[in-house]
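S.K.: Okay, here's the structure, questions in a sec.
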Amino acid sequence: MSIQNNKLTKDQYEANFADIHPPYESITAAKVDANRCLFCYDAPCMKSCPTSIDVPKFIKQIATENIKGSAKTILSSNIMGAGCSKVCPVEKLCEGACVYNLLEEEPIPIAKLQRYSTEQAMKNNWKLFERKNSPSGVRGKVAIVGAGPAGLSCAHSLSKEGVDVTIYEKESKGGGLMTYGIAAYKVTPQFCEDEVNYILSIGGIEVNYNQELGKDISLAELKKNYDAVYLGIGVGVARQLEIPGEKLDGVADAISFIYDLRSKGYSSIPVGDKVAVIGMGMTAIDAATQAKRLGAKEVTMVYRRTEAEKPCTQHELDIAMLDGCEIIWLATPKKLKGSQGKVKQLVCSKMKLGEPDASGRRSPVDTGETFTLDVDMVIKAAGQVPFEKLVKKYKLDNKNGKLTIDKNCATNIKGVFAGGDAVNGGKEVVDAVQAGKDGALAILKYLNLSQA
């Protein structure tokens, strides 16, 4: 057992990380699916979208070959509609709500249709939005911390209203989770860069990269130099297992693993022959499938509850299983054993489900039995925790590091607003986009630029 780079050839890497959902090859193919849509009144698909995209409208526009109009309908509600068409768990959102499911027929492929229109907009650089002008030329200056989905959405919404926005981003590229935290076969780094550039093309948005809050800039500076501040800092600190052997060589966290894969290239990322992944969320699935596609011979996912309680969708789990990943339910890591500083075994406790808690969810209980897996790499994907130290440093009201905001997206500090994963602890990209829109509306109201 050994951790190696370059387990596969260049062609094999490219094949393994190719787009998992190929797009339509022509408008004709898109129209065939668009014309299946019933264009429901009071459409359940629209209600299930956190950004309230008018799904029947944009599909009707595709059916009539009004692709530019379709793209505007989508992007007016969700400026990251292109990315969301690739990464949204649509089976539990829009497509899951499609009335065709009740008729036991395939739902309308809403995400694929959405992808078609939005990618045409990006490819042709359609200018679908304009900045509002003011006679005085000044409509406020706002600082946004974080160029992830929440920050970019907030920035775009403010810029449309003529507000000048400066984003401070700790990484060298924008996009946040889209750029650094999602499997490469869903969204390529080039796509993420193109989407960020398209969002910024409206103008009025300046991005200062490699600028980290609490290190390169302070909240006091931002409050002094801007009329309002929006915190879209997300989450990103990996939750530790807190078990013996966690510091052994070969033990990595999923966030860092995926980050390196996205930023350094496939062939430079070391992967073991026998890999264990701890967790069953979307990040765990991404880590497991990518480890397999990097050349791991065996990948075993370990989850402390049963399949019925899994946080990932069935669609995501199917991807992992089709890639050959094994699943062990009702198990949790107890300790890691190593030799010469390198991880060699994962000892797990067998679990059972106890009585339901107040929320109705049954918590896992240790049975006292254990089993051991031979491994040469362990990837921890047991969730992420907020930037608690940073939040407390600036005396921001929070709950276990998650920022606390009121109904107007305002924190306890006057003029400082927040949204996205930094508040909710980590939801979908589409939820962060909506949070950015909500934050922008709140800031416009605060600046007396809106009656909202």
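The values are calculated or read from the model by the stated rules, or taken from the named source; none is laboratory data. Every value quoted in this text rests on a predicted model; they were computed, and no experiment measured them. Every residue, glycine as well, gets a Cβ built from its backbone with ideal geometry; the counts of neighbours run over all protein chains shown.
S.K.: For region 322-346, name all the residues that are free of Cβ contacts under 8 Å to residues at least 60 places away in the same chain, of a type in the set (Gly, Ala, Ser) and closer than 14 Å to residue 244 by Cα.
M.R.: Step one: of region 322-346, the residues free of Cβ contacts under 8 Å to residues at least 60 places away in the same chain are 322-332, 339-340, 345.
Those left that are additionally of a type in the set (Gly, Ala, Ser): 324, 331, 339.
Within region 322-346, just 339 meets the criteria.
S.K.: Moving on to the next point. With the condition kept exactly as written, say whether any residue in region 219-235 is free of Cβ contacts under 8 Å to residues at least 40 places away in the same chain, among the small types (Gly, Ala, Ser) and outside the structural domain of residue 315 (by TED's automatic domain parsing).
M.R.: Initially, region 219-235 is screened for residues free of Cβ contacts under 8 Å to residues at least 40 places away in the same chain, giving 220-221, 224.
Imposing the further condition that a residue be among the small types (Gly, Ala, Ser) reduces the set to 220.
Pick out the ones that are also outside the structural domain of residue 315 (by TED's automatic domain parsing) and you get 220.
Yes - at least one qualifying residue is present in region 219-235.
S.K.: Could I ask something else about it? Evaluate region 255-273: report whether one residue or more is over 20 Å from residue 320 (Cβ atoms), hydroxyl-bearing (Ser, Thr, Tyr), in contact with a helix residue (DSSP H, G or I) (Cβ under 9 Å, 6 or more places away or on another chain) and buried (at least 23 other Cβ atoms within 10 Å of the Cβ).
M.R.: no
S.K.: Kindly list the number of the only condition in (1) touching a Pro at 6+ places or on another chain (Cβ under 9 Å); (2) touching a residue at least 60 places away in the same chain (Cβ under 8 Å); (3) under 22 Å from residue 240 (Cα atoms) that fails for residue 349.
M.R.: (2)
S.K.: Does residue 115 fit the bill of being basic (Lys, Arg) and outside any loop (DSSP other than H, G, I, E, B)? Steps first, please.
M.R.: Details: basic (Lys, Arg): yes; outside any loop (DSSP other than H, G, I, E, B): yes.
In short, yes.
S.K.: Please verify whether residue 196 is within 23 Å of residue 72 (Cβ to Cβ), under 24 Å from the mean Cα position of the chain (by Cα) and either surrounded by fewer than 18 Cβ atoms within 10 Å (Cβ to Cβ) or at pLDDT below 95 (or both), treating the condition exactly as stated.
M.R.: Numbers: within 23 Å of residue 72 (Cβ to Cβ): yes; under 24 Å from the mean Cα position of the chain (by Cα): yes; either surrounded by fewer than 18 Cβ atoms within 10 Å (Cβ to Cβ) or at pLDDT below 95 (or both): no.
Considered against the rule, which asks whether it is within 23 Å of residue 72 (Cβ to Cβ), under 24 Å from the mean Cα position of the chain (by Cα) and either surrounded by fewer than 18 Cβ atoms within 10 Å (Cβ to Cβ) or at pLDDT below 95 (or both), residue 196 comes out as no.
S.K.: Let me ask another. Within region 81-89, is there a residue that is farther than 28 Å from residue 434 by Cβ and of a type in the set (A, V, I, L, M, F, W, C)? Before you say what the answer is, go through the steps one by one.
M.R.: So the first thing to find is which residues in region 81-89 are farther than 28 Å from residue 434 by Cβ, and the list is none.
The answer is no; no qualifying residue exists.
S.K.: Any residue in region 332-346 that is farther than 22 Å from residue 179 by Cα, in contact with a helix residue (DSSP H, G or I) (Cβ under 9 Å, 6 or more places away or on another chain), in a strand (DSSP E or B) and among the β-branched types (Val, Ile, Thr)? Can you show your working first?
M.R.: Applying the first criterion (farther than 22 Å from residue 179 by Cα) to region 332-346 yields 332-346.
Filter again for in contact with a helix residue (DSSP H, G or I) (Cβ under 9 Å, 6 or more places away or on another chain), leaving none.
No - not one qualifying residue is present in region 332-346.
S.K.: Continuing with this model, one more query. Only one of these is in contact with an Asp or Glu (Cβ under 7 Å, 6 or more places away or on another chain) and either at pLDDT 95 or above or not assigned by TED's automatic domain parsing to the domain that holds residue 315 (or both): 181, 146. Name it. Quick ask: steps written out before the conclusion?
M.R.: Values: 181 fails: in contact with an Asp or Glu (Cβ under 7 Å, 6 or more places away or on another chain).
From the options 181, 146, the qualifying one is 146.
S.K.: Report, ordered by the first and then the second residue, all pairs with beta carbons closer than 8 Å, sequence separation of six or more or different chains, a first member in region 304-320 that is within 16 Å of residue 330 (Cα to Cα) and surrounded by 15 or more Cβ atoms within 10 Å (Cβ to Cβ), and a second member that is modelled with pLDDT of 95 or more and of a type in the set (Gly, Ala, Ser).
M.R.: So the pair list comes out as 304/331; 312/284.
S.K.: Could you please find all residues in region 426-452 being of a type in the set (Gly, Ala, Ser) and crowded, with 18+ Cβ neighbours inside 10 Å? Reasoning before the result, please.
M.R.: To start, the set of residues in region 426-452 that are of a type in the set (Gly, Ala, Ser) comprises 426, 432, 435-436, 439-440, 442, 450, 452.
Within region 426-452, 426, 432, 435, 436, 439, 440, 442 qualify.
S.K.: When you scan region 350-396, how many residues do you find that are assigned to a loop (DSSP other than H, G, I, E, B) and either surrounded by fewer than 13 Cβ atoms within 10 Å (Cβ to Cβ) or hydroxyl-bearing (Ser, Thr, Tyr) (or both)? Walk me through it before giving the result.
M.R.: Step one: list which residues in region 350-396 are assigned to a loop (DSSP other than H, G, I, E, B), which gives 357-361, 375-376, 381-383, 386-387, 394-396.
Still in the running and either surrounded by fewer than 13 Cβ atoms within 10 Å (Cβ to Cβ) or hydroxyl-bearing (Ser, Thr, Tyr) (or both): 357-361, 394-395.
Residues in region 350-396 being assigned to a loop (DSSP other than H, G, I, E, B) and either surrounded by fewer than 13 Cβ atoms within 10 Å (Cβ to Cβ) or hydroxyl-bearing (Ser, Thr, Tyr) (or both): 7 in total.
S.K.: Another question about this same structure. Can you find even one residue in region 173-183 that is in contact with a Lys or Arg (Cβ under 7 Å, 6 or more places away or on another chain), of a type in the set (Phe, Trp, Tyr) and within 29 Å of residue 446 (Cα to Cα)?
M.R.: Let us first name the residues in region 173-183 that are in contact with a Lys or Arg (Cβ under 7 Å, 6 or more places away or on another chain), namely 179-180.
Retained after the next criterion (residues that are of a type in the set (Phe, Trp, Tyr)): 180.
The next check asks that each one be within 29 Å of residue 446 (Cα to Cα); those that pass are none.
No, there is no match, as no residue in region 173-183 is in contact with a Lys or Arg (Cβ under 7 Å, 6 or more places away or on another chain), of a type in the set (Phe, Trp, Tyr) and within 29 Å of residue 446 (Cα to Cα).
S.K.: Shifting gears a bit: Take region 434-452 and flag every residue that is within 21 Å of the chain's Cα centre (by Cα) and either of a type in the set (Phe, Trp, Tyr) or under 25 Å from residue 214 (Cβ atoms) (or both).
M.R.: 435, 436, 438, 439, 440, listed by residue number.
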